[in-house]
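> Structure provided below as structure tokens; questions to follow.
The values are calculated or read from the model by the stated rules, or taken from the named source; none is laboratory data. If you're wondering where the values come from, they're calculated on a predicted model, not measured in any experiment. All Cβ positions, even for glycine, are placed from backbone atoms using ideal geometry, and neighbour counts span all protein chains on display. In case anyone asks, the SASA skips ligands and DNA or RNA and just uses the protein heavy atoms, side chains included. Shrake-Rupley method; radii C 1.70, N 1.55, O 1.52, S 1.80 Å.
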Amino acid sequence: MLTASATSALVAFSVTVIVYFALWSATQIAMSPIALLFLGRHRVRHRRHVRALAAHLVSPPLVSVIVPSYNEALTIVGSVRALLALDYTPREVIVVNDGSSDDTLAVLQEAFHLVSAAAAFAQPLKTAAVRGMYRSTSDPALIVLDKENGGSKSDAVNAGFNAAAGTLVLSIDADTLLEPDALSRAVIPFLEDASTVAVGGNIAISNGCSVEKGRITSVALPRSWLARFQIIEYMRAFLLFRLACAAGNGVVLISGAFGLFRREAVIAVGGYDRAAIGEDMDLTMRLQRHFRGRREPIRIAFDPYPLGWTQAPEDWRSLRSQRYRWRRGLLQVLWRHREVLGRPRFGVVGLAVIPYILVFEGLGPLLEITGYCVTAGAALLGLLNWQMLGIVTAVSVLFGAAVTMLSVLMSDVATHRYMGGRDLVLLIAIALLESCGYRQLNAWWGCVGTAQALRGPATWGVIKRRAFEEQ
Amino acid sequence: MAGPWPDADSVARFLLSLSVRLALAMTAAVVIERAVSAVLWARREYIQNRYSPLAHRALSADSEALRRLADIPARHRLSVARPLLESLIDDRDPALIVSTRAVVDALSIIPIADRYLRSWLWWRRAVALRALGVLQLRHYTAAGVAALDDPHPDVRAAALDALTYMQDVASLGALVVRLHDPSLQPARRLASLAAFGSQCEEFLLELSEFDVVHLANYAQALAICGTRRSRPVLARWTQDARPEVRAAAFDAFAHVGVDHEGARLAIAALENGDEAVRAMAASALNGWTASSEAATHLARHLDDAWPVAVRAARSLRSMGDTGMIELHARAARPDLVGRLARQTLSTVGAAC
């Protein structure tokens, strides 16, 4: 009797998993041509002509680059130097020292000859108190805001938004390295379409690359397998799902590592939410809701060419901490914006993107871990069809690898990175090996993150950073 | 299993076979794409190494080089011409344009571009338009104007780029008429007018007489290419019932420069109920030194809404001694007005 019930339950669960997997596969297959077409169109557009547009304007928009900085003494000088060398003008760089306990402010003062200046700006966004403002005597485009620690990156970025004089504001992480033409490319969608409120850029992983004076000089795969797995994760996330979303004007995440915003739009929605864990996705969703809710035109664009490079964690502890946070952030955003789900008023965001995220990113890890538990239980009870298990595992690994290779193909089309023969072999190996432990670990972290989210607020956790020159 | 449903075993085997094929196909696609890219890159390098010295000699009006370029294989010509054309995007030196035109002519690229203009592939039409534009081949102006109505948005953008590069006054009327055309990208529309400078002004002023609906757009355009000739019209628009027109008119005044009448209107508009109008009125007084009255009025708005206050401070900074006196008078205040005054004073050196 018990065995019969267990068998029925096992069959029901298997059918659920198969239907879920089939649905996931169908969405991946459906997204691929959309993303490829979008990428193709981007590629054939003549980028030099497009970028020359800003130069033809009598007064191109001023861009304020905000660099929130909390204990970033190791990397901040290199990052700021690279930002000051961006090929777009007019621009200003605002470093927000968010009450760092290390030497961030001191190294900035020494490197850029800062002098105290009057901090005169309106504060439409509430932040922790600003202690002072500094201007660089060596580069007039650099401003440093020194403020009390606000407990979150959001608070620092909001302070930067307050101080920004630009109509467009670029928000990046302190450890983000930008391509020299990143800004001039990212500005283009704002010039081409007046309804553009934000532009996100493709973010690549800088681990393994050579960095000189805040610039990526040569690109290579990192030695750490942990970083290698994250490279293909980023490729999939940015060059498949996000491209498909961008093609349908349904971008719901502008990464905190690189996001160019229309300042007045961000002010209108109240800036970054200090209580949000996934503050970047939360802001993007609020922008979508604000404009779509009022039936005003909105476009959130995405540039598939890498505009910024960021460090991926190379130790398990930092990665785990990051994934817990991402998971809590995702669930928080889905809960906060639950009223968007299925509402035609919010267009493709409500009808396709958020349902996809809920079903495949929200429930995916839970279903996967449940699957492993059920499989183990079935094996203990002697109910497992080992041949079938082998086939299902192989299908899962191979289909995952196919999707990964598709994103590698798109990465090749977009950027020609990791083009050596050895790189190709490594990428194929990564695509296959990812499903042998790394994916399961991520699913487990997803479940733990879910439990943490249900328990309530938690801290950000610490990610170990290295100076770029060490790489 | 009986019935229409296949048994689980055959479904599993089908899925396994499908996933193997998919994984192999994707890997093959990556390998093929990389191989094709490598071949194309090597070919481009080969052509560049072989012909670019010749092309550069031809650019220096070497007739022998021009003759030899005319003899290179047709399959290499586009690759030789492409970097030459691209260099014209950033370098608009008239002599370079003329010499590049001669080289491109020797390579017989123009007939190819002409054919591309009629291609059903939108990117070919776009490439052809921009190539003809950077070369300033003005007998193609009509084609550029016609392409403003192309069904593809990227081709329309390319047409605007081409007309911007060509700077042919024959296209000016078409560009001004399309100032409000929502099917054209707004920044490109303005960039195309900016390329003509004050030549647009007359068209803009004439059209605005009959098209009062779009006065804000005309004012925006005059902010780019207007001269003192526009002042009377702008002064009239500052009295328009629509606040966006008033604000745009004062913004245009900020670029054109106010006269006594404009300054009087701007000072009066500083008390307007609309924040954007006050802000632009403050901007309009930028550089006005003919009377000290303006500085006094502007100084009162240093504690207005922030956009107004900032513009008032900037205008005060531009007014020389009269503005400085007002700023110094407030610099000691501990509030935001004082900080704004101090900040503005600290940037005087940088502004100079």
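> Suppose each label sits 7 Å from its Cα in the direction of the beta carbon; what would the A:ALA85-B:SER87 distance come out to in nanometres?
2.5 nm
> Also, I was wondering about something else. Report the rotationally averaged projected area of the stretch B:68-166 based on its alpha-carbon convex hull, in square nanometres.
Details: hull surface 23.5 nm².
With the hull built on Cα positions only, its mean projection is 5.9 nm².
> Also: Report the accessible surface area buried between chains B and A, summing both sides, using a 1.4 Å probe on protein heavy atoms only, in Å² rounded to the nearest 100. List each step's numbers first, then the result.
Working: alone 18730 and 20530 Å², together 35230 Å².
So the total buried area for this chain pair works out to about 4000 Å².
> Here's something else I'd like to know. Could you work out the relative contact order of the stretch B:227-352, using alpha carbon pairs under 8 angstrom and six or more residues apart, expressed as a whole percent?
Answer for the stretch B:227-352 is 18 percent.
> If you take each beta carbon of peptide A:411-420 and count the beta carbons of other chains within 10 angstrom, what is the mean? Write out the running numbers ahead of the final one.
Details: counts 1, 5, 2, 0, 0, 5, 0, 1, 4, 1.
That average works out to 2.
> A follow-up question, please. What FRET efficiency do you get for A:THR167 and B:SER318 if R0 is 22 Å and r is their Cβ-Cβ distance, rounded to the nearest 0.05? If you can, show how the numbers build up before the last one.
Values: r = 21 Å, r/R0 = 0.94.
Result of the calculation: an efficiency of 0.60.
> When chain B is treated as a GNM, springs tying every alpha-carbon pair under 10 Å, which of B:LEU121, B:LEU204, B:LEU129 comes out with the largest mean-square fluctuation?
B:LEU121
> So what is log10(I(q)/I(0)) for chain A at q = 0.07 1/Å, when the Debye sum runs over its Cα atoms only?
Log-scaled intensity ratios, in q order: -0.37.
> Could you look at the protein assembly as shown and say what percent of its accessible area is carbon and sulfur, using a 1.4 Å probe and all protein chains?
Result for the protein assembly as shown: 59 percent of the exposed heavy-atom area is carbon or sulfur.
> Kindly give Rg over Rh for the protein assembly as shown, based on alpha-carbon atoms, with the Kirkwood expression for the hydrodynamic radius. Please list the in-between numbers first.
Working: Rg = 29.9 Å, Rh = 29.8 Å.
Radius of gyration over Kirkwood radius for the protein assembly as shown works out to 1.00.
> Okay, helix-only estimate at 222 nm for chain A: each DSSP H run of n ≥ 4 adds -39500 (n - 2.57), divide by all residues, round to 500 deg cm²/dmol; what do you get? All intermediate terms of the calculation are to be shown ahead of the outcome.
On the way: 15 runs with 230 residues, N = 471.
The helix contribution divided over chain A gives -16000 deg cm²/dmol.
> OK, next. Most fluctuating residue of B:ALA147, B:ALA28, B:ALA235 in a GNM of chain B with Cα springs under 10 Å: which is it?
B:ALA28
> R0 = 41 Å: FRET efficiency of A:LEU226 with A:ALA352, Cβ-based, nearest 0.05? Please report the intermediate quantities before stating the final value.
Values: r = 32 Å, r/R0 = 0.79.
With a Förster radius of 41 Å, E is 0.80.
> Charges only on Cβ, +1 for Lys and Arg, -1 for Asp and Glu: so what's the dipole of the protein assembly as shown about the Cα centre, in debye to the nearest 20?
Working: 86 positive and 74 negative charges, 265 e Å.
Dipole of the protein assembly as shown, to the nearest 20 debye: 1280 debye.
> Related question: With a 1.4 Å probe and all protein chains left in place, how much accessible area per residue does the stretch A:32-340 have, in Å²? Show your work: numbers first, answer last.
Working: 10340 Å² over 309 residues.
Heavy-atom accessible area per residue stands at 33 Å².
> Counting helices only, and only those DSSP H runs with n ≥ 4, report the 222 nm mean residue ellipticity of chain B as the sum of -39,500 (n - 2.57) divided by its residues, in deg cm²/dmol to the nearest 500.
Values: 21 runs with 258 residues, N = 352.
Here the helix-only value at 222 nm equals -23000 deg cm²/dmol.
> Give me the extension gain from B:THR296 to B:ARG242: residue separation times 0.36 nm, minus the current Cα-Cα distance, reported in nm with one decimal.
Numbers: separation 54, 0.36 × 54 = 19.44 nm, distance 2.73 nm.
Contour length minus Cα-Cα distance gives 16.7 nm.
> About the Cα centre, and with charges only on the beta carbon of Lys, Arg (+1) and Asp, Glu (-1), how big is the dipole of the stretch A:32-340? Nearest 20 debye, please. Spell out each step's value before the answer.
Details: 37 positive and 29 negative charges, 239 e Å.
It comes to approximately 1140 debye.
> Still on this structure: Rank B:SER19, B:SER108, B:SER198 by mean-square fluctuation in a GNM of chain B with C-alpha springs under 10 angstrom and give only the top-ranked residue.
B:SER19
> In what sequence, highest mean first, do B:10-18, B:32-40 appear when ranked by Cβ atoms within 10 angstrom? Mind showing how you got there, number by number?
On the way: B:10-18: 14.8, B:32-40: 12.7.
Going from most to least packed, we get B:10-18, B:32-40.
> Scale the Cα Rg of chain B by the rule-of-thumb value 2.2 N^0.38 Å and send over the ratio, two decimals.
1.46
> Using only the alpha carbon atoms of the stretch B:227-352, find the Kirkwood hydrodynamic radius as the inverse mean reciprocal pair distance, in angstroms to one decimal. All intermediate terms of the calculation are to be shown ahead of the outcome.
Values: mean 1/r = 0.0705 Å⁻¹.
When all Cα pairs of the stretch B:227-352 are included, the Kirkwood radius is 14.2 Å.
> A further question on this structure: Just to confirm, what accessible area per residue do you get for the stretch B:143-236 at 1.4 Å probe, in whole Å²?
Values: 3550 Å² over 94 residues.
Averaged over the residues of the stretch B:143-236, the accessible area is 38 Å².
> Before anything else, pin down the relative contact order of chain B: Cα pairs under 8 Å, at least 6 apart, normalised by residue count, whole percent.
Values: 445 pairs, mean separation 24.2, N = 352.
Answer for chain B is 7 percent.
> Let me ask you something else. How far is the Cα center of the stretch A:206-249 from the Cα center of the stretch B:149-178, in Å?
38 Å
> Where does each of A:13-19, A:207-213, B:122-128 land if you order them by average Cβ count within 10 Å, highest first? Please report the intermediate quantities before stating the final value.
Details: A:13-19: 14.6, A:207-213: 17.3, B:122-128: 22.1.
Order by mean packing, descending: B:122-128, A:207-213, A:13-19.
> Using +1 at the C-beta of Lys and Arg and -1 at the C-beta of Asp and Glu, which of A:VAL93, A:ILE34, A:GLN311 has the Cα lying farthest in the positive direction of the dipole of the stretch A:32-340?
A:ILE34
> With charges only on Cβ, +1 for K and R and -1 for D and E, what is the dipole size of the stretch A:331-453 about its Cα centre, in debye, rounded to 20? Numbers along the way, then the final one.
Values: 7 positive and 6 negative charges, 64 e Å.
Rounded to the nearest 20 debye, it is 300 debye.
> Another one. Other chains near A:89-96: what is the mean number of their Cβ atoms within 10 Å of each residue's Cβ?
Values: counts 0, 0, 0, 0, 0, 0, 0, 0.
Per residue, the number of nearby Cβ atoms from other chains is 0 on average.
> Highest mean first, what order results for B:207-217, B:286-296, A:93-103 on Cβ atoms within 10 Å? Before the final figure, lay out each step's value.
Working: B:207-217: 15.0, B:286-296: 16.9, A:93-103: 22.1.
Top of the packing list down: A:93-103, B:286-296, B:207-217.
> Just checking the output field for B:84-90: average partner chain Cβ neighbours within 10 Å of each residue's Cβ?
Details: counts 0, 1, 3, 1, 0, 6, 4.
If you average over the peptide's residues, the count of other-chain Cβ atoms is 2.
> If you take the beta carbon distance between A:HIS113 and A:ARG41 as r and set R0 to 45 Å, what does 1/(1 + (r/R0)^6) give as a FRET efficiency, to the nearest 0.05? Write out the running numbers ahead of the final one.
Details: r = 46 Å, r/R0 = 1.01.
So the FRET efficiency works out to roughly 0.50.
> Counting only C-alpha contacts under 8 Å and six or more residues apart, can you give the relative contact order of chain A as a whole percent?
On the way: 781 pairs, mean separation 81.5, N = 471.
The normalised contact order for chain A reaches 17 percent.
> Then there's this: Which net charge results for the neighbourhood of B:GLY262, defined as the other residues with beta-carbon distances under 14 angstrom from its beta-carbon, given Lys and Arg at +1 and Asp and Glu at -1?
Working: positive: B:ARG228, B:ARG229, B:ARG231, B:ARG236, B:ARG246, B:ARG264; negative: B:ASP251, B:ASP259, B:GLU261, B:GLU293.
Residues close to B:GLY262 contribute a combined charge of +2.
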